[in-house]
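The next block holds one structure in the form of structure tokens; read it before the comments.
The values are calculated or read from the model by the stated rules, or taken from the named source; none is laboratory data. What you see is a predicted model, and the numbers here were worked out from it, not measured in a lab. Neighbour counts run over all protein chains shown; Cβ positions are idealised from the backbone, glycine included. Accessible surface is based on the protein model in full, side chains and every heavy atom, while ligands, DNA and RNA are left aside. Shrake-Rupley method; radii C 1.70, N 1.55, O 1.52, S 1.80 Å.
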Amino acid sequence: MSALEPSSRAAGLLLGEDVQVGEGVSFGAYVVVHDGTRIGDGCTIEDHAVLGKRPRLAGRSAAHGDAGPLQLGERVTVCAGAVVLAGAAIGAGTILGDQSFVRERSSVGVESVIGRGAVVDNDVQVGSRVRAQTDVYLTAFTLVEDDVFLGPGAVTTNDDTMGRHSPGAALRGAILRRACRIGGGAVLTPGVEIGEEAFVAAGAVVTGDVPPRAVAIGVPARLVREVPEEDLLERFR
């Protein structure tokens with residue numbers, strides 16, 4: 001366990017050993033920062049956030065592995081009640097919403113937003129300028145490239161057997177290519193790839209790969225058309 005000590009920087013603030021805090025960092029009330037955490041210049045850490053907590057895993061968990069210190073880049077905002085585990089890396093200017101949860105060995109690129117109550121599981125890679133809305137779940141081993149949008153409650157999964165696989169069996173997260181869009185409440189099954197600039201409608205259940213620029217709707221999702229030129233991200237830069 002961390003040797004936490006009170007700090008006069010903010011009401012109820014507790015700091016662990018070897019914590020590094022950059023210039024101009026703002027702390028809310030009752031923040032806990034565990035051993036070794038690195039906080040970049042200009043970060044904002046809101047009330048009751050927990051930074052650098054070590055993962056606690058079941059004996060048979062597939063998530064075992066090394067977890068180094070938590071690293072927050074410059075101007076990161078960690079909102080109220082968020083928990084960011086040791087071993088995560090958060091890029092400059094990113095916002096982690098209220099009660100969001102980012103696990104060990106996951107990374108989030110620059111200027112991204114992880115919404116309220118959203119979860120970034122272990123060993124997930126999230127690119128830059130990603131928008132993951134309220135209650136999004138990014139399961140372990142998911143890859144999310146730059147400029148992806150995920151609507152509220154979108155879910156990724158990584159285990160076709162739902163826990164009844166042999167020890168050491170590989171889990172397969174989804175792959176979300178650059179600038180694809182996932183509608184609210186959509187479900188992506190293990191290992192599917194959503195192509196660049198593809199569009200998955202709200203509530204769809206995606207059981208197979210979606211090609212670049214394709215529009216997928218329904219349960220199970222089917223391909224119905226192509227995203228038009230005027231709707232591509234470059235038109236909105």
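Take the range 133-156 and flag every residue that is closer than 18 Å to Ser107 by Cα and either open to solvent by less than 20 Å² (accessible area, probe 1.4 Å) or among the polar types (S, T, N, Q) (or both).
Selection gives Gln133, Val136, Leu138, Thr139, Ala140, Thr142, Val144, Val148, Leu150, Thr156.
Name the one entry in Ser106, Ser166, Ser128 that is among the small types (Gly, Ala, Ser) and out of contact with any Asp or Glu (no Cβ under 9 Å at 6 or more places or on another chain).
The conditions single out Ser166.
Sort out which residues of the range 169-225 are among the aliphatic types (A, V, I, L, M), part of a loop (DSSP other than H, G, I, E, B) and open to solvent by 50 Å² or more (accessible area, probe 1.4 Å), and write them in order of number.
Ala170, Ala202, Val219
Would you mind finding the one in Ala201, Ala186 that is of a type in the set (A, V, I, L, M, F, W, C), more than 18 Å from Asn122 (Cβ to Cβ) and under 17 Å from the mean Cα position of the chain (by Cα)?
Residue meeting the stated conditions: Ala186.
What number of residues within the range 1-17 satisfy the criterion of being in contact with an Asp or Glu (Cβ under 6 Å, 6 or more places away or on another chain) and either on the phi > 0 side of the Ramachandran plot or in contact (Cβ under 8 Å) with a residue 24 or more places away in the chain (or both)?
3
Looking only at residues in the range 101-115 that are farther than 15 Å from Leu150 by Cα and open to solvent by less than 10 Å² (accessible area, probe 1.4 Å), which one is farthest from the chain's Cα centre (by Cα)?
Glu104
Cβ-Cβ distance below 6 Å, separation of 6 or more or different chains: which pairs start in the range 156-179 with a residue that is within 20 Å of Val130 (Cβ to Cβ) and end on one that is among the basic types (Lys, Arg) and part of a strand (DSSP E or B)?
If the second residue must be among the basic types (Lys, Arg) and part of a strand (DSSP E or B), no pairs are left.
Residues of the range 116-128 being more than 12 Å from Leu85 (Cα to Cα) and more than 9 Å from the chain's Cα centre (by Cα), which ones?
Listed by number, the residues that qualify are Arg116, Gly117, Gly127, Ser128.
I'd like to check something: does the range 68-77 contain any residue that is assigned to a loop (DSSP other than H, G, I, E, B), at pLDDT below 95, within 23 Å of Gly173 (Cα to Cα) and not aromatic (Phe, Trp, Tyr)?
Yes, the range 68-77 contains at least one residue that is assigned to a loop (DSSP other than H, G, I, E, B), at pLDDT below 95, within 23 Å of Gly173 (Cα to Cα) and not aromatic (Phe, Trp, Tyr).
Does Ala80 meet the test of being open to solvent by 30 Å² or more (accessible area, probe 1.4 Å) and either at pLDDT 95 or above or among the charged types (D, E, K, R) (or both)?
When the stated conditions are applied, Ala80 passes them.
Only one of these is of a type in the set (A, V, I, L, M), closer than 22 Å to Leu232 by Cα and touching a Leu at 6+ places or on another chain (Cβ under 8 Å): Val120, Val124, Val148, Val155. Name it.
Testing whether each residue is of a type in the set (A, V, I, L, M), closer than 22 Å to Leu232 by Cα and touching a Leu at 6+ places or on another chain (Cβ under 8 Å) leaves just Val148.
So which residues in the range 84-105 are free of Cβ contacts under 8 Å to residues at least 24 places away in the same chain and over 18 Å from Val31 (Cβ atoms), if there are any at all?
Ala89, Gly93
May I ask you to list pairs of residues, at least six apart or on different chains, whose Cβ atoms are under 6 Å apart, with the first in the range 28-42 being more than 16 Å from Gly81 (Cβ to Cβ) and the second being among the β-branched types (Val, Ile, Thr)?
Pairs that qualify, where the first residue is more than 16 Å from Gly81 (Cβ to Cβ) and the partner is among the β-branched types (Val, Ile, Thr), are Thr37/Val19; Ile39/Val21; Ile39/Val25.
Say we look at the range 5-49 and pick out the residues that are among the hydroxyl-bearing types (Ser, Thr, Tyr) and in contact with a strand residue (DSSP E or B) (Cβ under 7 Å, 6 or more places away or on another chain); which of these is farthest from Ile95 (Cα to Cα)?
In this case the residue turns out to be Ser7.
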